[in-house]
Number of protein chains: 2
Amino acid sequence: MLEQVAVDRVFHALADATRRALVERLSRGPASVSDLAKPLDMTLAGVVQHLQVLEQSGVIRTEKTGRVRTCRIEPAGLGVAERWIAERRSLWERRLDRLGEILAEEELGEPRAVPRGKAKRK
Amino acid sequence: MLEQVAVDRVFHALADATRRALVERLSRGPASVSDLAKPLDMTLAGVVQHLQVLEQSGVIRTEKTGRVRTCRIEPAGLGVAERWIAERRSLWERRLDRLGEILAEEELGEPRAVPRGKAKRK
């Protein structure tokens with residue numbers, strides 16, 4: 001259940017073009033909040049809100065030294081979303097492989113046999 | 001700009017646990033709307049709404065034959081999100097590699113030289 005919430009948050013965090021632009025900038029190296037805000041046509045408060053969504057999702061972490069808050073990528077956060085997609089894709093590709101094998105057997109005129117363990121679940 | 005909208009939609013579509021459960025089921029093979037609704041504690045209308053979000057994002061496609069609407073994964077949709085994450089991660093990892101090289105050179109007592117082309121952008 002906690003994992004579900006984590007995946008929800010990461011995908012939600014990445015579903016916004018401004019937040020993706022911030023991640024894109026940070027994937028080239030750490031930056032302060034004011035550096036991140038400079039190229040954006042947005043109030044500093046707006047940028048801070050987006051950074052909070054990213055931090056709560058675990059995609060970035062921030063650290064305050066004196067009056068400067070520095071943001072950096074937290075690779076584990078992006079990993080959550082990447083893993084979820086890769087697992088779905090791998091299920092899908094294994095299914096296509098099985099279909100390919102069945103078709104190849106039929107073309108060769110061999111009897112169609114789906115091994116029990118691989119039988120499609122209802 | 002169109003690409004941005006596409007990425008927004010895919011991440012938004014995947015930011016919901018019910019929609020991810022539907023994608024998970026479909027990654028094992030195509031299914032009708034009523035089959036997809038069976039295990040879910042939700043009205044058919046609710047399931048149809050979630051399927052529409054998935055279809056508009058390009059993550060699934062649906063096809064109606066007679067009275068049955070069959071849903072299936074559209075791999076290109078998941079590919080949009082996967083590519084976006086993988087590109088960010090690769091930027092980040094290349095940066096870590098460069099930092100590693102600089103540290104290794106310093107340990108060996110060699111002069112610290114960052115090639116011009118690789119110099120960190122401000």
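The values are calculated or read from the model by the stated rules, or taken from the named source; none is laboratory data. Bear in mind the structure is a predicted one, so any value in this text is a computation, not a measurement. So basically every Cβ, Gly included, is an ideal-geometry build from the backbone, and we count neighbours across all protein chains shown. Side chains are part of the model used for accessible areas, which takes the heavy atoms of the whole protein and leaves out ligands, DNA and RNA. Shrake-Rupley method; radii C 1.70, N 1.55, O 1.52, S 1.80 Å.
Structure values in brief
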item: Accessible area expressed per residue, the protein assembly as shown, with surrounding protein chains retained (probe 1.4 Å, Å²); result: 64 Å²
item: Interface area, A with B, accessible, probe 1.4 Å, both sides summed, Å² nearest 100; result: 3100 Å²
item: Shortest-first nm distances, A:Ser34 label point to equivalent points in other copies (7 Å, Cα→Cβ); result: 6.5
item: Sum of -39500 (n - 2.57) over DSSP H runs of 4+, divided by residues of chain A (222 nm, nearest 500); result: -20000 deg cm²/dmol
item: log10 of Debye I(q)/I(0), alpha-carbon scatterers only, for region B:1-65 at 0.26 Å⁻¹; result: -1.20
item: Prolate/oblate/rounded call for chain B, Cα gyration tensor, a/c under 1.5 rounded; result: prolate
item: Shielded by partner chains, region A:70-98 residues - at least 50 Å² of accessible area, 1.4 Å probe, vs chain alone; result: A:Leu78, A:Glu82, A:Trp84, A:Ile85, A:Arg88, A:Leu91, A:Trp92, A:Arg95
item: With DNA, RNA and ligands ignored, accessible area of B:Val47 (1.4 Å probe; Å², nearest 10); result: 0 Å²
item: C-alpha center-to-center spacing [region B:32-55, region A:64-102] in angstrom; result: 25 Å
item: Apportionment of accessible area to carbon and sulfur, region A:1-71, percent (1.4 Å); result: 51 percent
item: Area projected by the alpha carbon convex hull of region B:31-76, averaged over all directions, nm²; result: 3.2 nm²
item: Other copies of B:Arg89: label-to-label distances in nm, shortest first, labels 7 Å along the beta-carbon direction; result: 0.9
item: Pair A:Leu108, A:Arg94: separation of 7 Å Cα→Cβ label points (nm); result: 2.2 nm
item: Under the span-like rule (Cα at least 15 Å along the axis, Kyte-Doolittle mean at least -0.5), DSSP H helices of chain B; result: B:2-14, B:44-57
